[in-house]
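**Q** My questions all concern the structure below.
The values are calculated or read from the model by the stated rules, or taken from the named source; none is laboratory data. Quick caveat, the model's predicted, so the values are computed rather than measured. Here the Cβ positions follow ideal geometry from the backbone for every residue, glycine too, while neighbour counts run over all protein chains shown.
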Amino acid sequence: MDDLTIHALVLLPVGLGLLGFIEPCTIGGHLVFLGTQEGRRRAQRSKALITFILARTVVTGGFGVLVTTLGQTMIGMQTTLWLVFGTVYIVIGLVSIMGYRRVLNVRINIVPETWRRTPNPLVLGLAFGVNIPACAAPILFGLLAMAATTGTALAGFLMMAVFGLALSLPLALFVYVPRLTTVLRAAGDFLRRRSWILGGIFLVLGTWSVWFGLYVDPANWAGK
């Protein structure tokens, strides 16, 4: 596995997954899951956490399989896709820095609302794997554009599964140390009041994506 492959399949998905975890609109969903674990025994919390993470990881991995299945028809569009996603990242960054981030706090609802309110960790994992907060959508769709260049369903699944795992795994800290949930809630409030922080991160990602689209050959990135 060369450095580019490691970067594409592991490092970037992990970084973007962790970024997605601290997104204010994503924190709200995580607090819903953590709320279902209050008062449960440690063994029950462990089982629920593993079920939730596996369900969410498999769903996001499935997106990778779907896109790489169509990847051969999309490979010629990668330069355009990277430029488009880079522009979207830059716009989101500017919107956040200017204090209008609340316009992004909408959700792309694909599954019923009741799925996200159930205490069942399997259903919650599926629901949060499919329902995408608008502020996290660029992260997911940017990775999907990358997944299309990997050429194999397995590589696409791994890339997106790693993203889903990184997006959910930090929950373990809050499940096993429940009092830290107040820290997560405070972090969400802190970032909502200081949207310029995440805005700056998106500006950097957007600039990198535009540079990538202009100067990197998609075929070389995909190892072809």
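**Q** Name the single residue that is surrounded by the most Cβ atoms within 10 Å (Cβ to Cβ) among those in region 99-132 being of a type in the set (A, V, I, L, M, F, W, C), over 18 Å from the mean Cα position of the chain (by Cα) and modelled with pLDDT of 80 or more.
**A** Per the criteria, the residue is Val123.
**Q** Please list, ordered by residue number, the helices (runs of 4 or more DSSP H) wholly in region 153-220 having 1 or more residues that are more than 29 Å from Leu122 (Cα to Cα). Steps first, please.
**A** Values: elements: 153-168, 171-176, 181-193, 195-215.
By residue number, 181-193, 195-215.
**Q** Given Gly15, Gly28, Gly39, which one is assigned to a helix (DSSP H, G or I), closer than 25 Å to Arg179 by Cβ and either at pLDDT 80 or above or not basic (Lys, Arg) (or both)?
**A** Gly28
**Q** OK, next. Just one of Phe52, Phe21, Phe33 is under 20 Å from Ile197 (Cβ atoms), of a type in the set (Phe, Trp, Tyr), crowded, with 18+ Cβ neighbours inside 10 Å and modelled with pLDDT of 80 or more; which is it?
**A** Just a single option satisfies the conditions, and that option is Phe21.
**Q** Still on this structure: Collect the residues in region 58-93 that are polar (S, T, N, Q) and modelled with pLDDT of 70 or more, keeping them in residue-number order.
**A** At the first step, the residues of region 58-93 found to be polar (S, T, N, Q) are 60, 68-69, 72-73, 78-80, 87.
Residues satisfying the conditions are Thr60, Thr68, Thr69, Thr80, Thr87.
**Q** Here is a follow-up. Which one is modelled with the lowest pLDDT among residues in region 178-224 that are small (Gly, Ala, Ser) and closer than 23 Å to Phe33 by Cα?
**A** Gly188
**Q** Would you please name the residue that is farthest from Val67 (Cα to Cα), looking only at residues in region 136-168 that are within 10 Å of the chain's Cα centre (by Cα) and at pLDDT below 80?
**A** Ala136
**Q** Further, regarding this structure: So how many residues does region 36-49 have that are out of contact with any Leu (no Cβ under 9 Å at 6 or more places or on another chain) and crowded, with 18+ Cβ neighbours inside 10 Å? First the steps, then the outcome.
**A** First, pick out the residues of region 36-49 that are out of contact with any Leu (no Cβ under 9 Å at 6 or more places or on another chain): 38-47.
Applying the additional criterion that residues be crowded, with 18+ Cβ neighbours inside 10 Å yields 45.
Looking only at that region, the number is 1.
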